[in-house]
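Read through the structure below, which is laid out as structure tokens, and then see the notes.
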Amino acid sequence: MQYPPLFFTTKQDRILKIQPMVDSIVSQWPRFKTHIVVPLNCYIPPFIHRSEINIIRMDCDTVMNKHLAFVDPEFSKEDRYLTVDDDVVYPKGSLKNLLDYSNQFENAIIAYRGISWKKNVDVHFHDDSKFITYPEDITEVDMWFGTWGSVIRKSLFRKDVTPFGSDANLHDEVWLAAHLKDGVKKLVIPSLNGIRPRDLEYGIINGLYPSAKKDNFHSLNLVLNKYIKEIKRTTP
């Protein structure tokens, strides 16, 4: 079995809490293919070193660091990569499940969660929207979320996906979904044996969406509506 690289990011105020997440990853993915991306001066606790995963330091602290495979020459020969979040415990087999569906649907982005907006309404991250999470059957969506894992194929994107614009730093999937080639599918898949990841408390408290709620999703909605026509361009 060929394992693509797997990336996740974290920050100084969270890294001491992520051992349950790291343990769940290294129990099902090769350590030499697992990459944690952190700010330059981030302290690395002993359990990270013991895990033997690769540590990549970046001089910018942005959500797009988990998409390093697009811009780092080290990964230029890798078309596929996985992304995971640092505030989730991943059930055994859940990552391989993503990969299996990616093998089956080569012209698709694969994830466990996504969203589709109703036609002819204002587009918001929560209002007038429909979240798709672990459907019973494979479901095509307007945009995927990497919340519980995703498989990305670089070859499915237009060349102008890079360099990443400043809007990408606000929400990575908005930027990526807007730069897909025509005809690419965005698929949300069923969970493996009905078992779902476990969200860790610190993500619920200070993750992307709790932070976005502070301005009632105003900032996210601005960037979303800027790109919504391009995002929906690839949705039937």
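The values are calculated or read from the model by the stated rules, or taken from the named source; none is laboratory data. In this text the structure is predicted, and so the values were computed from the model without any measurement. Note that we place each Cβ from the backbone using ideal geometry, even for glycine, and neighbour counts take in every protein chain shown.
Filtered by the rule that a residue be within 28 Å of HIS179 (Cα to Cα), at pLDDT 80 or above and small (Gly, Ala, Ser), segment 190-209 gives a lone residue, SER191. Annotation note: of LYS181, LYS130, the sole residue that is out of contact with any His (no Cβ under 6 Å at 6 or more places or on another chain), without any contact (Cβ under 8 Å) to a residue 24 or more places away in the chain and more than 17 Å from THR34 (Cα to Cα) is LYS130. Per the conditions (1) at pLDDT 95 or above; (2) touching a Lys or Arg at 6+ places or on another chain (Cβ under 8 Å); (3) closer than 22 Å to VAL37 by Cα, the sole criterion not satisfied by LYS96 is (2). Can you tell me which residues in segment 142-189 are of a type in the set (A, V, I, L, M, F, W, C) and over 16 Å from the mean Cα position of the chain (by Cα)? Residue satisfying the conditions is VAL184 alone.
Among the residues in segment 129-138, are any crowded, with 20+ Cβ neighbours inside 10 Å, assigned to a loop (DSSP other than H, G, I, E, B) and under 17 Å from the mean Cα position of the chain (by Cα)? No, segment 129-138 contains no residue that is crowded, with 20+ Cβ neighbours inside 10 Å, assigned to a loop (DSSP other than H, G, I, E, B) and under 17 Å from the mean Cα position of the chain (by Cα). Inside segment 107-119, residues that are in contact with a Ser or Thr (Cβ under 9 Å, 6 or more places away or on another chain) and under 19 Å from LYS154 (Cβ atoms) make up a count of 4.
Candidates ALA178, ALA212: the one that is at pLDDT below 85 and either crowded, with 18+ Cβ neighbours inside 10 Å or farther than 21 Å from ARG80 by Cβ (or both) is ALA212.
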